[in-house]
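Beneath this line is the structure, given in structure tokens, with notes to follow.
The values are calculated or read from the model by the stated rules, or taken from the named source; none is laboratory data. What you see is a predicted model, and the numbers here were worked out from it, not measured in a lab. Reconstructed Cβ throughout: ideal geometry from the backbone, glycine too, with neighbour counts over all protein chains shown.
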Amino acid sequence: MRINLLILTFLLTSSKILGQITGYKTIDTLITMRDGIQLYTEIYIPENTTEDLPIIFTRTPYGVRTTNTNYGDYRLNGAYKTLAKEKYIFAFQDMRGKYKSEGEYSLLRPINNGAKTNESTDAFDTIDWLIKNIPNNNGNVGMTGNSYNSWLAAMALINPHHALAAVNLQGTPSDLYKGDDFYHNGAFRLSPSFGYAVVEKEQNGFKFPNNDAYNWFLKKGTLRNINDKETLNNKNQYWNDFISHLDYDEFWEDRTLTNFLKNTTVPTLNVVGWWDDQDFYGSLKVYEQLEKHDSLNLNKLVAGPWYHAGWEDPDDYYKKIDLGGSVSTYYLEEIQAPWFKYHLKNEGNFTLPEAKIYKTGKNQWEDFTSWPPKENLKPTKWYLKKDFRLSLDKPTVSDSYSSYISDPKSPVPYMEGTVPGFWQGGSLGWKADDQSVFINREDVLTWVSAPLEENVEISGNIQMRLFAATSGTDCDWIVKLIDVFPTDYNQEIENTKYDMDNFQMLLADEVLRAKFRNNLREPEPVPSNQIVEYKIDLLSKSHSFKKGHRIMIHIQSSWFPLIDMNPQQFIEINKATQRDYKVATQKIYHSKENSSYIELPIIKTPHNNGSYEKP
């Protein structure tokens, strides 16, 4: 769509020229929404080009241009670098109520709040303005971004503009209560939520003494104390919202993205990180929801071994874990770039399978016709045994259990060593850490298989069925699935040798707050000292346990301060005092009547029919 160059002249003369990425002219402008609110937008236009180009559009709450941020330059020199070389018009926008944009900000603004404008209409109105006012665009717009930016891109899918030709969703939050940033199955994500609340209120100067969030939160003792005068002083609305909506009420439901994605009319590429500690759940659920209505085969999934936003990092920060090269570089250059080129420029002959999945352990990409897979799969139960073995044989003894003491004064940390604030280093890559540092604690129980006599490959959903009892009336159950490397195992990555002796590689994990075991809307006390059955969904994974490795399960009742410490009594936690936090005895059953097990989605291979018989 070629537009009179007088428009570009007007933009360049009426807007401030902000600087230049090599080969691009940068301008800023205010784009008026349907209600008159103006949103600050920066536009990067390639120089010395005569062809009509598509637009790649990113919306953000984090500031397009601030004292410390030059967002467009940062993206085009980083995650969008490959795209920038291909020549696109790029647009970056402060969302409503943020930084240089007008209007009132609302955290993940609900769609059905009665207002005529929301993030979906703002995306629509901006796209309409861009294609009508930016010279030499070809009429196609793509949207992308990760995390909150991805949520904003997903909002454009609800009522898509006709020019929206492709959407690349990366680490998309979908349900902030069931499994994303602020809660998991009723358990409050303490450090992430606190960190986000102070960042959103621009209290960026807050620092944990000695960068030790674990002991700071432990000293605070309760959620009530975090609202004291020396900390938040009951004035941080985000924090107050988080801790006043303890169950799955309308506040959370109105912000659940999948409730509003009812059809798929735009090619959508969903990117998921296996070690994403923020929005792994949401990314999968957005893909699943779009897939329900994808009659045109426009919805695709890419899953790889990444932390949150790690798909943008060519260095692949995974410490000792060998991934066989830069998986992120492959994604950026061989998937994202040709995908946009195909859908926005109509160039190339690029096709993706329904799901392109990176299998860890095997360290290779695999193609699937559906995710989770439906074919060549045999879900297999691995039982917890009384001698702490993980076995394919169901227990045969009665009234068998293992127990531990859960003490709120000494919760299990979620990462090794000093635990920093979640946004001060406590989020990056901790899921790639060796989990063996926790197994000597008396409040962490482990079950492990014998060394495998052949490779065991899994792809798909992982379920934990737990039979357990607590002396309290509430508690948390945390389950981890782990690949244990062999004794005396060493590996070399880029000329650096690593001792991987009995390294415990975290594959999947989840927490369930026991009082929400039946209904996230209506908590129920747990009957003390009675056996209760719990179903814990560890979502999906693709991994190969190599011959000689072992399969391990960790079970514990605290994960601090990733998850707030449960008082282990049936109480509204935002009202709990220090006296309400009780020591509890936890029992995990492995008897013939109450057989706890984890069900793994084992892939049948020519050498393995899925019924692995050699525990």
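The table below lists the values:
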item: Lone unmet requirement of (1) touching a Pro at 6+ places or on another chain (Cβ under 8 Å); (2) more than 14 Å from Thr82 (Cβ to Cβ); (3) buried (at least 19 other Cβ atoms within 10 Å of the Cβ) for Leu298; result: (3)
item: Verdict on Ser283 being of a type in the set (S, T, N, Q), at pLDDT below 95 and not assigned by TED's automatic domain parsing to the domain that holds Arg255; result: no
item: Scope the range 132-177; condition of a type in the set (A, V, I, L, M, F, W, C) and within 17 Å of the chain's Cα centre (by Cα); matching residues; result: Trp151, Leu152, Ala153, Ala154, Leu169, Leu176
item: Meets criteria (assigned by TED's automatic domain parsing to the domain that holds Lys207, touching a helix residue (DSSP H, G or I) at 6+ places or on another chain (Cβ under 9 Å), crowded, with 23+ Cβ neighbours inside 10 Å and of a type in the set (A, V, I, L, M, F, W, C)) for Trp447; result: no
item: In the range 222-252, residue modelled with the highest pLDDT [restricted to those that are closer than 26 Å to Ala514 by Cβ, touching an Asp or Glu at 6+ places or on another chain (Cβ under 9 Å) and surrounded by fewer than 19 Cβ atoms within 10 Å (Cβ to Cβ)]; result: Asp247
item: Condition check for Pro451: touching a Gly at 6+ places or on another chain (Cβ under 7 Å), closer than 24 Å to Gly325 by Cα and in a loop (DSSP other than H, G, I, E, B); result: no
item: Checklist (1) part of a loop (DSSP other than H, G, I, E, B); (2) within 23 Å of the chain's Cα centre (by Cα) applied to Ile462, failing item; result: (1)
item: So Leu344, is it part of a helix (DSSP H, G or I) and either at negative phi or in contact with a Leu (Cβ under 7 Å, 6 or more places away or on another chain) (or both); result: yes
item: Unmet criterion (only one of (1) part of a helix (DSSP H, G or I); (2) aromatic (Phe, Trp, Tyr); (3) crowded, with 23+ Cβ neighbours inside 10 Å) for Trp306; result: (1)
item: Check on Ser403, assigned to a strand (DSSP E or B) and either within 21 Å of Asp509 (Cα to Cα) or free of Cβ contacts under 8 Å to residues at least 40 places away in the same chain (or both); result: yes
item: Condition met for Lys541 (surrounded by fewer than 20 Cβ atoms within 10 Å (Cβ to Cβ) and in contact with a strand residue (DSSP E or B) (Cβ under 9 Å, 6 or more places away or on another chain)); result: no
item: Lone unmet requirement of (1) aromatic (Phe, Trp, Tyr); (2) outside any helix (DSSP H, G or I); (3) surrounded by 21 or more Cβ atoms within 10 Å (Cβ to Cβ) for Phe350; result: (3)
item: Strands (runs of 3 or more DSSP E) fully within the range 1-65 counting 3 or more residues that are closer than 21 Å to Met95 by Cα, assigned by TED's automatic domain parsing to the domain that holds Lys132 and modelled with pLDDT of 95 or more; result: 24-32, 38-46, 53-60
item: The range 305-361, residues that are free of Cβ contacts under 8 Å to residues at least 40 places away in the same chain, more than 30 Å from Asp52 (Cα to Cα) and aromatic (Phe, Trp, Tyr); result: Trp306
item: Residue satisfying condition, being more than 16 Å from Leu152 (Cα to Cα), in contact with a Lys or Arg (Cβ under 9 Å, 6 or more places away or on another chain) and β-branched (Val, Ile, Thr), within set Ile55, Ile45; result: Ile45
item: Qualifying residue in the range 466-479 (condition: of a type in the set (A, V, I, L, M), in the same structural domain as Gln530 (by TED's automatic domain parsing) and assigned to a helix (DSSP H, G or I)); result: no
item: Filter result (of a type in the set (S, T, N, Q) and touching a residue at least 24 places away in the same chain (Cβ under 8 Å)) within the range 494-514; result: Asn502, Gln504
item: Identity of the residue in the range 355-392, polar (S, T, N, Q) and assigned to a strand (DSSP E or B), that ends up farthest from Glu599 (Cα to Cα); result: Gln364
item: Test for Gly78: is it among the small types (Gly, Ala, Ser) and at pLDDT below 95; result: yes
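Each row is one residue, and each column tells you yes or no for (1) farther than 20 Å from Pro408 by Cβ; (2) part of a helix (DSSP H, G or I); (3) among the charged types (D, E, K, R); (4) touching a His at 6+ places or on another chain (Cβ under 8 Å).
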{"site": "Phe206", "(1), (2), (3), (4)": "yes, no, no, no"}
{"site": "Asn215", "(1), (2), (3), (4)": "no, yes, no, no"}
{"site": "Asn225", "(1), (2), (3), (4)": "no, yes, no, no"}
{"site": "Glu230", "(1), (2), (3), (4)": "yes, no, yes, no"}
{"site": "Asn234", "(1), (2), (3), (4)": "yes, no, no, no"}
{"site": "Asn240", "(1), (2), (3), (4)": "yes, yes, no, no"}
{"site": "Ile243", "(1), (2), (3), (4)": "no, yes, no, no"}
{"site": "Asp247", "(1), (2), (3), (4)": "yes, no, yes, no"}
